[in-house]
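Heads up: the structure comes next, in structure tokens.
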Amino acid sequence: MASEIGQVLVSSEIRRNDRLVVVTAGVPQRFSHPTDNGYLCRVRIDGLGSGPITIESIDTAAEGALVGGLTKASNELSITLTALLAEACIGVRTGQTFRHSAFRGTRPDTIADPPITRFR
């Protein structure tokens, strides 16, 4: 999964119709094209249908590409962006992957902050 969307920046698990749906968004990647420059963000939805759904969002800014991709994912799930991100893990963890379920029921002051990618 990570190779398709790149390094995971956002991971969220949603229950929908008694099914677990996992939404993962990659770190927006800069691209350069003769007619356009900007950032591409890929978001993957697993568990919604028979196979994964991959969404691509392009914007001139990294944060715009990320928000655009997550907004498209929330529309695909027919939920608000706020609901999608309510219990999401946000940040880049190196050396090991993390899933948001590992953080359920954990007090916020006992969770070490993962390194956050800064966009410039």
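Bear in mind these aren't lab numbers, they're just calculated from the coordinates by the rules spelled out. The shown structure was predicted, so the numbers you read here are calculated from the model rather than taken from an experiment. No Cβ is skipped: glycine too gets one built from the backbone with ideal geometry, and neighbour counts run over all protein chains shown.
Could you grab me the full set of residues in the stretch 45-70 that are touching a strand residue (DSSP E or B) at 6+ places or on another chain (Cβ under 8 Å) and among the hydroxyl-bearing types (Ser, Thr, Tyr)? Hits for the stretch 45-70 are 54, 57, 60. Taking the stretch 55-84 as the range and being surrounded by 15 or more Cβ atoms within 10 Å (Cβ to Cβ), in contact (Cβ under 8 Å) with a residue 40 or more places away in the chain and over 18 Å from residue 19 (Cα atoms) as the test, the residues that pass are 62, 66, 69, 70.
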